[in-house]
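Undergrad: Let me give you the structure first, and then I'll get to my questions.
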Amino acid sequence: MELNKQVVIVGCGPGGAAYLTGMALKAAERAKVLVGTAKLLGLFPETGTRIELKRIETEPIAKLIAGLDCDRVAVLVSGDTGIYSLASSLRRLAPADWEVSFVPGISSIQAACALFTLEWQEMRFFSLHCRSATAELAETAARGEKPLAILCGPGNEPGRIARDLLAVIEPDRVCRVACDIGSKEQVTWCGTLAGLAGKTLSAHAVLIIDGRKK
């Protein structure tokens, strides 16, 4: 079957306009239909047809695309398109006559490390955004060989994650949290795991836990 329709998954970075790439802006400008949440749609000029969704979920978006009478759609997602992203699942479920391509965005982890001037080549990454904590996360944290970067989410706020991890790692382990990166509500925090356990912070956050001191 000849592919003559395109859906572009556009990574919008952590969510602030300052983190948008030129490629993302160009992809949105070229799209006949722009699909995303109100927050992400608000990052782009009012051009073309816009479809606002309360949540970015794979199956509803795949069904939406199948019913559109156009040949180029851009779906806006937060973060990068290659790390814990909707992009891979949407590629599997997209209609057969649609070609799926990715426009990468700046990941929340990359942005958080920049805010704290941290190197991140040795970090282990885990996502608790719409996911449950795994035994691997607890085991990796307990070993403390490498720093961890954890993508938080609703039900898995930084404070709750810290309280859960206190059962397996030292309370004085250094933690850093970056919340709502790039927005007016951006907050950064640094302290110990025990201190974080008593904090109430936004779920839209990256939690970084240092490795055990050698």
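Undergrad: Could you figure out which of (1) under 15 Å from the mean Cα position of the chain (by Cα); (2) at negative phi; (3) of a type outside the set (Val, Ile, Thr) isn't true of residue 137?
TA: The single condition residue 137 does not satisfy is (1).
Undergrad: Then there is this: Could you give me the residue pairs with C-beta distances under 8 Å whose first residue belongs to segment 106-125 and is closer than 23 Å to residue 9 by Cβ, whose second residue is among the acidic types (Asp, Glu) and open to solvent by 30 Å² or more (accessible area, probe 1.4 Å) wherever it lies, and which are 6+ apart or on separate chains?
TA: Within 8 Å, the pairs are 106/80; 107/80; 110/80.
Undergrad: Mind checking which residues of segment 114-145 are touching a Gly at 6+ places or on another chain (Cβ under 7 Å) and buried (at least 16 other Cβ atoms within 10 Å of the Cβ)?
TA: 128, 129, 144
Undergrad: Now for a separate question. Every residue in segment 146-164 that is in a helix (DSSP H, G or I) and either farther than 20 Å from residue 198 by Cβ or open to solvent by 10 Å² or more (accessible area, probe 1.4 Å) (or both), please.
TA: The answer is 160, 163, 164.
Undergrad: A further question on this structure: In segment 175-211, what residues are without any contact (Cβ under 8 Å) to a residue 40 or more places away in the chain and either part of a loop (DSSP other than H, G, I, E, B) or open to solvent by 40 Å² or more (accessible area, probe 1.4 Å) (or both)?
TA: 184, 185, 187, 189, 192, 194, 198
The values are calculated or read from the model by the stated rules, or taken from the named source; none is laboratory data. Bear in mind that the values here come from a model prediction, so they are computed numbers and not experimental data. We place every Cβ from the backbone using ideal geometry, glycine too, and count neighbours over all the protein chains shown. Accessible surface is based on the protein model in full, side chains and every heavy atom, while ligands, DNA and RNA are left aside. Shrake-Rupley method; radii C 1.70, N 1.55, O 1.52, S 1.80 Å.
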